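Encoded as structure tokens, the structure appears first; notes follow it.
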Amino acid sequence: MTHIIPTTMLFVPGDRPDRLAKAAASGADAIVMDLEDAVITDNKASSRAALATLSAFDVPLFVRCNGTDSQWCADDLRAIRDSVAAGVIVPKSETPDQIDLIQAVLGPDAFIIALVETARGIDRLADILAHPGVAVCAFGHLDFALDLGTSPDWEPLLYARHQLVLQSRLANKPKPLDGVSVEIDDIDAVSHAAQRARAMGFGGKLLIHPTHVAPAMAAFVPDQQAYEWACAAVSQSQSGAAVKMDGQMLDLPVIKKAKQIIRDYENHNKTNS
């Protein structure tokens, strides 16, 4: 089954289901009810129970379940199966066996996002992405940095990010989703991180605050100006030969990029219309 991959996914703590409606109205492509890190042990059961009471939102609802090796995962998956959730985010994805476990409960057509957060996950990334049940992978860079004992800053994690982009391409899977930005009130930092991720080849970003949606979306979705340039470039190059437009040479790679901008812009506007 082909799934539409969200560009922006906004997390909400599972024990605060009252915030989901606001998150759904934030402009994000999807919202995520987090049953894992955002919920303390004493609130796991009540958060899972709240999932069963939810009605559909205007955007898809995903659920981050607890780890497949945890005592809560089996109950999480049954609750997700019987809910309005569109898909599941699997934390600490490290092996194809974890995806098999998810599919055993949710079925072969489940929308599964593999969240890679450990050294072993990066080491087994090709195997994870080769699993037909994985729709796309995402980067949990904070837990990854903790696992390696390194800083969560950009430079120490460049190799891991490159691997996510490279292995996704080799597996013919959609571009991966980058991790969250923790600077709640620093919109410039969010915008900069999203722009860097987009430049590296990521296709979207996980988010933790409604104010992060607009700058992330601006980084990943072509704006009207880019779309108009792309349309003009494609129009100028109908002959197939390299031509000059506004001082720039339009050869085949540039035209292919222009066509990609047109597809991204039109697909996103169609999805959100």
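Of the residues that sit in region 1-23 and are part of a helix (DSSP H, G or I) and open to solvent by less than 20 Å² (accessible area, probe 1.4 Å), which one is farthest from residue 141 (Cα to Cα)?
So the first thing to find is which residues in region 1-23 are part of a helix (DSSP H, G or I), and the list is 17-23.
Applying the additional criterion that residues be open to solvent by less than 20 Å² (accessible area, probe 1.4 Å) yields 20, 23.
On the way: 20: 24, 23: 23 Å.
Across region 1-23, the extreme among qualifying residues is 20.
For residue 62, are the conditions met, namely being of a type in the set (A, V, I, L, M, F, W, C), at pLDDT 95 or above, outside any helix (DSSP H, G or I) and open to solvent by 20 Å² or more (accessible area, probe 1.4 Å)? Working first, answer last.
Values: of a type in the set (A, V, I, L, M, F, W, C): yes; at pLDDT 95 or above: yes; outside any helix (DSSP H, G or I): yes; open to solvent by 20 Å² or more (accessible area, probe 1.4 Å): no.
Judged against the criteria, residue 62 is not a match.
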Got at least one residue in region 71-85 being assigned to a loop (DSSP other than H, G, I, E, B), farther than 17 Å from residue 207 by Cα and in contact with a strand residue (DSSP E or B) (Cβ under 7 Å, 6 or more places away or on another chain)? yes
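Among the candidates 87, 27, single out the residue that is more than 17 Å from residue 143 (Cβ to Cβ), touching a residue at least 60 places away in the same chain (Cβ under 8 Å), touching a helix residue (DSSP H, G or I) at 6+ places or on another chain (Cβ under 9 Å) and open to solvent by 30 Å² or more (accessible area, probe 1.4 Å). Lay out the reasoning, then the answer.
Working: 87 fails: open to solvent by 30 Å² or more (accessible area, probe 1.4 Å).
Just a single option satisfies the conditions, and that option is 27.
Taking the residues in region 30-48 that are open to solvent by 60 Å² or more (accessible area, probe 1.4 Å) and in a helix (DSSP H, G or I) as candidates, determine which candidate is farthest from residue 146 (Cα to Cα).
Restricting attention to region 30-48, the residues satisfying the condition of being open to solvent by 60 Å² or more (accessible area, probe 1.4 Å) are 37, 40-42, 45-46.
Filter once more, so that each one left must be in a helix (DSSP H, G or I): 41-42, 45-46.
Details: 41: 21, 42: 24, 45: 27, 46: 29 Å.
Only one residue fits best here, namely 46.
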Write out, first by first residue and then by second, each pair whose Cβ atoms fall under 7 Å of each other, whose residues are 6+ apart or on separate chains, and whose first residue, in region 47-61, is under 14 Å from residue 32 (Cα atoms) while the second is of a type in the set (D, E, K, R) and assigned to a helix (DSSP H, G or I). 48/75; 48/76
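Going by the structure shown, is residue 68 hydroxyl-bearing (Ser, Thr, Tyr), open to solvent by 50 Å² or more (accessible area, probe 1.4 Å) and part of a loop (DSSP other than H, G, I, E, B)?
On the way: hydroxyl-bearing (Ser, Thr, Tyr): yes; open to solvent by 50 Å² or more (accessible area, probe 1.4 Å): no; part of a loop (DSSP other than H, G, I, E, B): yes.
No: the conditions fail for residue 68.
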Take region 144-166 and flag every residue that is closer than 16 Å to residue 206 by Cβ and open to solvent by 40 Å² or more (accessible area, probe 1.4 Å). 152
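The values are calculated or read from the model by the stated rules, or taken from the named source; none is laboratory data. Remember, predicted model here, so these are calculated numbers, not experimental data. Cβ: placed from backbone, ideal geometry, glycine included. Neighbour counts: every protein chain shown. Protein only, heavy atoms only, side chains kept; ligands, DNA and RNA dropped before computing areas. Shrake-Rupley method; radii C 1.70, N 1.55, O 1.52, S 1.80 Å.
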